[in-house]
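Worksheet: one structure, shown below.
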Amino acid sequence: MSKIQRYTKIFSAALSIVLILSPQVSAISITAPSNGQIPADDSTVVSGSANAGRTVIVSENGSTLGGAIADGSGNWSTTVSGLSAGTHTLTATEISTSYGYFSTTGASNYFNRVLSGDTTLNPGGGGYPALLSSEKLNIVGVQPTGNKWYIKSISDSSDIAGLVDISAPAEPVSVTGYDAIPGTGNGASTLDGTKLYLPDDELDQVTVVDYATNTAINTIPLTVGQYQSTASTSSNGLVYVVDGENLAVINPATDTIVKTIPTGCTGGPGLVSFPRGQDYYYLPCAQQGSVQKRGVSDDTVLNTYDVTAFTPSVGSVYQIPDGSKAYINGVYGTSSQNKIFGFNTQTGELISTITLTAASFAGTMSPDGQYIYAPTQGSFDTQNIDVISTATDTIIDQIDTSALGIPGPMQFAAAEELSTELSVTVASAQQLASTGSPVSVYALISVSAIFAAGIILQKKLR
């Protein structure tokens, strides 16, 4: 199909966006701004259609600009602002549902799954629930581009992490050459899914595991380490590991520590989280009741939120895809162990307090940001998962796991994503005044399907 060319005059205005839309060829589309629309300022409403109930994120070069949830008719709308003069390519991405995985322990031990937005345990068969020979409640590694996950015991520090293929779950296979006594903290995978970095808190080191061979291929010494040390991967591919009260930053290309970041967190920080499409990350000071917001590019502190007014200790932090709201897990064993707190990401002010059925190790957000699943272990006497809507910050349903046992922490596989792109030309009033002539603009929508880890698998299993 040939490109459609149109011309339009842009009258005096601070900014003007002129668009030409190609015919819709996918479930996700951008339908506005319309051709020749002139916004009153430097912001404009971007809208379109998608599958009903799906989360839609509008971004540019991977940076999130806004987001919405498609209504019952599939319509969505969000406001985009701050576009400079020039050509921009906006991407609207529809995020699908995804499976969340977790283990249970009781008379027997199982590896399980549940579909986001649903409460059915182990839907679709596919080998679930998978019988395990021993308790392995902790998920310590998730391959972002495939089906390989690592799980281990949450109570037995001598238990070696084992590999599970979520497309065909079976007894975990222990990592070859992993002679260290591993800790119980979370590992971090490289963005391409080739390597996993597992902190060994008792030996003050990080073990590097090759996903393809399930083999320990390297160790990286830490200065101090930390009990239940954690690792996270930044949007630029670096791996951040808690090392005492510091963060050790590892370059996966060389498996060396390239930077040490003092955090000022007494007793050490918690799990660092990198929200999708943002140029910042969250670093919780677990024992001080504060959350640091730091820049990805240089790790400087952009803001510090004092949350002691609603929780004395801070667990993991996670954010909804459009960036407007984030959540703090209470810390197991403290007065906030049965709480999740919603807060404003700009001001740090408390938005909501969600009281769970019982104490929980941690709540986990689905990739589309619409739900939080919080397994409630209590004092290892509760067999339930609370399902929370982030639209209302209330418990909307519960999953009874008593037939399987006490649930461990949950992790979600990456969701299927379908995207469409829109080329936008933004012209300033100054540019128009200097040329004194109409502006010719070409804009074209192109559609691309993006399949993240577990996508083909998920389609087969549904």
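Residues in region 195-224 that are modelled with pLDDT under 95, within 25 Å of the chain's Cα centre (by Cα) and outside any strand (DSSP E or B): ASP201 only.
Among the criteria (1) under 27 Å from THR64 (Cα atoms); (2) crowded, with 20+ Cβ neighbours inside 10 Å, the one VAL209 does not fulfil is (1).
Can you name the residue in region 301-320 that is in a loop (DSSP other than H, G, I, E, B) and touching a Ser or Thr at 6+ places or on another chain (Cβ under 6 Å) and, of all such residues, is surrounded by the most Cβ atoms within 10 Å (Cβ to Cβ)? First the steps, then the outcome.
Restricting attention to region 301-320, the residues satisfying the condition of being in a loop (DSSP other than H, G, I, E, B) are 307-316, 320.
With touching a Ser or Thr at 6+ places or on another chain (Cβ under 6 Å) added as a condition, the list becomes 311, 313, 320.
Working: THR311: 21, SER313: 24, ILE320: 22.
Top of the filtered list is SER313.
Return yes or no: is THR145 in a loop (DSSP other than H, G, I, E, B) and surrounded by 21 or more Cβ atoms within 10 Å (Cβ to Cβ)? Walk me through it before giving the result.
Working: in a loop (DSSP other than H, G, I, E, B): yes; surrounded by 21 or more Cβ atoms within 10 Å (Cβ to Cβ): no.
Spelling it out, it is not the case that THR145 is in a loop (DSSP other than H, G, I, E, B) and surrounded by 21 or more Cβ atoms within 10 Å (Cβ to Cβ).
For region 148-160, a residue qualifies if it is touching a residue at least 40 places away in the same chain (Cβ under 8 Å) and in a loop (DSSP other than H, G, I, E, B), and the qualifying residues are ILE154, SER157.
Just one residue in the set SER360, SER352 is surrounded by fewer than 22 Cβ atoms within 10 Å (Cβ to Cβ) and either among the small types (Gly, Ala, Ser) or at positive phi (or both); that residue is SER352.
Please determine, by comparing only the residues of region 327-349 that are in a loop (DSSP other than H, G, I, E, B) and either of a type in the set (Val, Ile, Thr) or in contact with a helix residue (DSSP H, G or I) (Cβ under 9 Å, 6 or more places away or on another chain) (or both), which one is surrounded by the fewest Cβ atoms within 10 Å (Cβ to Cβ).
Residues of region 327-349 in a loop (DSSP other than H, G, I, E, B): 330-338, 345-349.
Restricting the remaining residues to those that are either of a type in the set (Val, Ile, Thr) or in contact with a helix residue (DSSP H, G or I) (Cβ under 9 Å, 6 or more places away or on another chain) (or both) gives 331, 334, 345, 347.
Numbers: VAL331: 23, THR334: 17, THR345: 22, THR347: 10.
The qualifying residue surrounded by the fewest Cβ atoms within 10 Å (Cβ to Cβ) is THR347.
The residues of region 371-423 that are in a loop (DSSP other than H, G, I, E, B) and in contact with a Ser or Thr (Cβ under 6 Å, 6 or more places away or on another chain), listed by number, are THR382, GLN383, ASP393, THR401, LEU404, GLY405, GLY408, MET410, ALA413, ALA415, GLU416. A single member of SER324, SER290, SER229 is small (Gly, Ala, Ser) and buried (at least 20 other Cβ atoms within 10 Å of the Cβ), and it is SER229. Here GLY237 meets each of (1) surrounded by fewer than 20 Cβ atoms within 10 Å (Cβ to Cβ); (2) not in a loop (DSSP other than H, G, I, E, B) with one exception, condition (2).
Taking only region 240-267 into account, find how many residues are within 23 Å of GLY177 (Cα to Cα) and surrounded by fewer than 17 Cβ atoms within 10 Å (Cβ to Cβ). Show your work before the answer.
Residues of region 240-267 that are within 23 Å of GLY177 (Cα to Cα), as a first pass: 241, 250-257.
Still in the list and also surrounded by fewer than 17 Cβ atoms within 10 Å (Cβ to Cβ): 251, 253-256.
So the answer is 5.
The values are calculated or read from the model by the stated rules, or taken from the named source; none is laboratory data. This structure is a prediction, so every number in the text was calculated from the model and none was measured. Heads up, the Cβs are rebuilt from the backbone with ideal geometry, glycines too, and the neighbour counts pull from every protein chain shown.
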